[in-house]
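K.L.:
Right, I'll just put the structure down here and ask away after.
Computed from the coordinates by the stated procedures, all read-outs in this text should not be read as laboratory data. Source: prediction; values computed, not measured. Here Cβ is always computed from backbone atoms with ideal geometry, including for glycine, and neighbour counts include all displayed protein chains.
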Amino acid sequence: MKKPLVHAVASLAGCCLLAPAFAQGTSVVNLYGIMDNGVTRIDNLGGANSLQLRSGNLLTSRFGLRGSEDLGGGLKANFNLEAGITADTGATSSPFFNRQSWVGLSSASFGDITLGRVLPTISDVFVLSMQASYLGNTAAAMDGGAQGAGSSVARFNNMIGGTRVDNTIKYQSPSFSGFKLHAMASLGEVPGSSSAGRMLSAAASYSSENIEAGLAYHERQCTEAAGCGAGKAKDQIVGLGAAYKLNGARYAMYYTRQENALNVQGNNADVLSLMAQVPVGAWLLGGGLQFQNDRTALNQDARQLNLAAKYLLSKRTQLYAIYAHQSVKNGGKAGMYSVTSGSGTQNQLSAGIMHVF
């Protein structure tokens with residue numbers, strides 16, 4: 001595997017330096033995106049009810065450019081630029097391509113190598129591969145990634161929510177009878193230290209006609225050049241999950257165990273998620289249960305129920321209704337989709353339309 005990778009990198013470098021001397025291969029660039037807007041009722045937004053027209057209830061509104069060039073011999077050059085959109089106001093993200101920004105090479109012989117701002121490996125395995133996002137309401141998934149800053153669950157982030165990672169080198173192997181290996185290294189780029197702020201991930205996944213499964217490990221070092229200071233420690237996450245598919249339906253579960261979340265020593269939690277999606281004619285009915293075990297002295301365990309009904313107008317357009325309920329114990333505050341409750345409970349109900357292009 002090493003020789004094709006070396007040859008691929010050398011070939012790419014040669015093409016860049018001597019571009020005028022070579023004919024271009026077949027190149028394809030696609031514009032794609034999602035527009036999702038709906039009316040949302042939040043029963044406890046800092047203690048008061050709120051009715052909103054909100055973007056990204058079911059999936060985050062976005063647009064992007066992705067492309068590839070066939071370099072011959074099974075080798076391709078690929079890129080992806082993706083920006084978030086607030087579809088109800090037209091506002092765009094800052095930085096502009098905040099969701100993905102990467103370039104890489106792919107080959108059936110050595111796999112895929114990607115450099116730039118990417119989704120973490122743990123998200124690749126459990127969301128992109130196993131489609132763990134079928135919790136019924138992806139925007140409200142209890143993963144810490146999209147929680148309100150004041151909510152109790154925001155103290156944790158098990159990366160399933162797809163928190164993007166900068167300055168990253170990521171590798172995915174070819175499929176070996178359904179098995180793939182994954183690895184990722186994100187450079188901290190802290191002067192005076194090669195480890196400060198660094199993230200490392202490793203994972204294995206399996207996919208067949210009916211079964212998908214994965215095991216992943218992720219760690220994040222403290223950002224201080226001198227090492228973790230008082231009250232800080234290396235953030236570590238282990239994830240395990242599996243899904244079963246039959247006649248368009250999907251049933252899945254995954255479990256993550258996190259130590260020293262957000263590099264806070266002793267900030268530990270477990271999350272168990274159960275989910276299902278079942279087609280009924282033109283409908284897709286989905287739901288999920290999530291249980292977060294807060295292993296700190298606060299013991300602010302959280303529970304969440306997500307439900308969804310989606311009606312497929314076409315392959316690209318669907319109407320949806322989604323509901324999420326979260327409760328937190330021992331004085332903790334609930335929070336979903338960057339919205340913090342004034343107490344330990346919160347309900348959100350949305351109805352809207354999503355179009356994929």
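K.L.:
For LYS76, give me every one of the aspartates and glutamates with a C-alpha distance below 15 angstrom, ignoring sequence neighbours fewer than eight places off in its own chain.
P.N.:
ASP112
K.L.:
Rounded to the nearest 500, what is the chain's calculated 222 nm mean residue ellipticity when only DSSP H runs of at least 4 contribute -39500 (n - 2.57) each, over all residues?
P.N.:
Result for the chain: -1500 deg cm²/dmol, rounded to the nearest 500.
K.L.:
Could you give the dipole magnitude of the chain about its Cα centre, charging the beta-carbon of Lys and Arg +1 and that of Asp and Glu -1, in debye to the nearest 20?
P.N.:
Result for the chain is approximately 160 debye, rounded to the nearest 20.
K.L.:
Then there is this: So, by mean Cβ neighbours within 10 angstrom, what's the order for 56-65, 193-202 with the highest one leading?
P.N.:
56-65, 193-202
K.L.:
So for each of 88-98, 107-117 I average, over its residues, the number of other beta carbons within 10 Å; can you give me the resulting order with the highest mean first?
P.N.:
Top to bottom by mean Cβ count within 10 Å: 107-117, 88-98.
K.L.:
Cross-link list LYS245/LYS333; LYS245/LYS310; LYS234/LYS333: which exceed 28 angstrom alpha carbon to alpha carbon?
P.N.:
LYS245/LYS333
K.L.:
Can I ask one more? Per the Debye formula with a single identical scatterer at each Cα and no solvent contribution, what log10 I(q)/I(0) holds for the chain at q = 0.08, 0.11 Å⁻¹?
P.N.:
-0.43, -0.81
K.L.:
Counting only other residues whose beta carbon sits under 13 Å from that of LEU58, what net charge do I get with K and R as +1, D and E as -1?
P.N.:
Result for the local shell: +2.
K.L.:
For region 232-320, what are the per-bin percents of Cα-Cα distances with bins 10 Å wide, up to the bin holding the maximum?
P.N.:
Values per bin, smallest distances first: 16, 33, 26, 18, 7, 0.
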